[in-house]
Amino acid sequence: MTVRRLAEKQPESFAFTPENEAWAKKEIAKYPAGRQASAIIPLLWRAQAQNDYWLPRPAIEAVADMLGLPYIRALEIATFYAMFNLAPVGRYFIQLCGTTPCMLRGAEDLKKVCRDRIGGQSHVSADGAFSWLEVECLGACCNAPMAQINDDYYEDLNPENFGKLLDDLAAGRPVKKGSQTGRKTSEPEPGKATTLTDGRLYDGSLVGSWKERFADDKAKAESAAAEAEKARAAAAASAVVKN
């Protein structure tokens, strides 16, 4: 288990924007009296989003004050969950999946791109544009390897399209979210489908056909059972004659 500590350099204060404060009060109101502390996760998340995707100590304490919690309780939660960044990150925070499916599909090559372009993990690039961190499974295994950049997923990555993606982000150009190879959701890669390729599965022509198949299977099973019974009876009769 990694040790998570607050950054040494902290801002002097933190306050929600009026819009975020109104949102926070609405969120707190969802919980019954005496249970408002349950809103701490969404409030910390909102504070992090407002503060360029990292959570400083004044923000943690501000959330604790809103919920009437001792600071240590809020600090326990903020330092426990890896979703909260306790130090500054780049404008584009890359969470690169290194779990087995992504590793087998080339995540190590993507790590090299990050190291060569940005530096080590949790290091913010000189222009402030990027930082990266290897994380556990992000749940897009079918489209491995993948990375989450800020709030969006980018899938079917390789060193070439990943490098271009970073170039486009740094230059402020529009980027394509999701698959970078044209794959739709989690379907097979274009031209590589090996299952569910029979068009009858989708045009309705097989609706109810299971009944016919079931009837055929039942008839075959009954016929086989009858033949087996005949063979058993014949064997028993043969044994009686021999005796």
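Read-outs: derived from the displayed coordinates by stated rules, not from any lab. For clarity, every value in this text was computed on a predicted model and none was experimentally measured. As a convention, Cβ positions derive from the backbone with ideal geometry for all residues, glycine included, and neighbour counts pool all protein chains shown.
May I ask you to derive the relative contact order of the stretch 89-200, considering only C-alpha pairs under 8 Å and at least 6 residues apart, and to give it as an integer percent? Could the numbers behind the result be given before it?
Details: 169 pairs, mean separation 28.7, N = 112.
Result for the stretch 89-200 is 26 percent.
So which residue, out of Thr185, Thr197, Thr79, gets the largest mean-square fluctuation from a GNM of the chain using Cα contacts under 10 Å as springs?
Thr197
Taking K and R as +1 and D and E as -1, what net charge do the other residues with C-beta under 10 Å from the C-beta of Pro42 add up to? Write down the numbers at each step before the final one.
Details: positive: Lys30, Arg46; negative: Glu27.
My count for the surroundings of Pro42 gives +1.
Check cross-link reach from Lys176 to the lysines: straight Cα distance under 17 Å, and skip same-chain residues fewer than eight apart.
Lys164, Lys184
Have a look at the DSSP beta bridges in the chain and tell me what percent are antiparallel, nearest 5.
Details: 6 of 14 bridges.
Around 45 percent of the beta bridges assigned by DSSP in the chain are antiparallel ones.
If I model a spin label as a point 7 Å beyond the Cα along the Cα-Cβ vector, how far apart are those points for His123 and Asp216 in nm?
Rounded to a tenth, the inter-label distance reads 6.5 nm.
Taking 8 Å as the Cα distance limit and 6 or more residues as the minimum spacing, I'd like the relative contact order of the stretch 18-80 as a percentage. Can you show the working numbers first?
On the way: 44 pairs, mean separation 16.4, N = 63.
Value for the stretch 18-80: 26 percent.
Quick one: among Glu19, Glu134, Glu229, which has the greatest mean-square fluctuation in a GNM of the chain with alpha-carbon springs under 10 angstrom?
The residue that fluctuates most here is Glu229.
To the nearest 20 Debye, how big is the dipole of the chain about its Cα centre, given +1 on the beta carbon of each Lys and Arg and -1 on that of each Asp and Glu?
Values: 31 positive and 32 negative charges, 109 e Å.
That gives a dipole near 520 debye.
Looking at the stretch 141-243, which chymotrypsin sites (Phe, Trp or Tyr not before Pro) are in a loop (DSSP not H, G, I, E or B) and have at most 16 other Cβ atoms within 10 Å? Could you put the intermediate results ahead of the total?
Details: sites: Tyr153, Tyr154, Phe162, Tyr202, Trp210, Phe214; in loops: Tyr202.
Counting only loop positions with at most 16 other Cβ atoms within 10 Å, the chymotrypsin sites (Phe, Trp or Tyr not before Pro) in the stretch 141-243 are Tyr202.
In nm², what is the average projected area of the convex hull enclosing the Cα atoms of the stretch 18-80?
On the way: hull surface 15.8 nm².
Mean projected area of the Cα convex hull: 4.0 nm².
I need to check one value: relative contact order of the chain, counting alpha carbon pairs closer than 8 Å and at least 6 residues apart, in percent.
Details: 272 pairs, mean separation 30.2, N = 243.
It comes to 12 percent, rounded to a whole number.
Please give the FRET efficiency for Lys177 paired with Arg73, using the beta carbon to beta carbon distance and R0 = 35 Å, rounded to the nearest 0.05.
Working: r = 36 Å, r/R0 = 1.04.
Taking R0 as 35 Å, the efficiency between Lys177 and Arg73 is 0.45.
Given R₀ = 41 Å, what would the calculated FRET efficiency be for Lys26 paired with Ser209, taking r from the Cβ atoms and rounding to 0.05? Before the final figure, lay out each step's value.
Details: r = 52 Å, r/R0 = 1.28.
In this case the efficiency is close to 0.20.
Which length gain, in nm to one decimal place, applies between Thr197 and Ser13 when the Cα-Cα distance is subtracted from 0.36 nm times their residue separation?
Numbers: separation 184, 0.36 × 184 = 66.24 nm, distance 5.92 nm.
Contour length minus the Cα-Cα distance gives 60.3 nm.
So which residue, out of Ala147, Ala24, Ala221, gets the largest mean-square fluctuation from a GNM of the chain using Cα contacts under 10 Å as springs?
Ala221
When Lys and Arg each count +1 and Asp and Glu each count -1, what net charge do the other residues less than 11 Å away from Tyr53, Cβ to Cβ, add up to?
Numbers: positive: Arg91; negative: Asp52, Asp151.
For residues surrounding Tyr53, the net value is -1.
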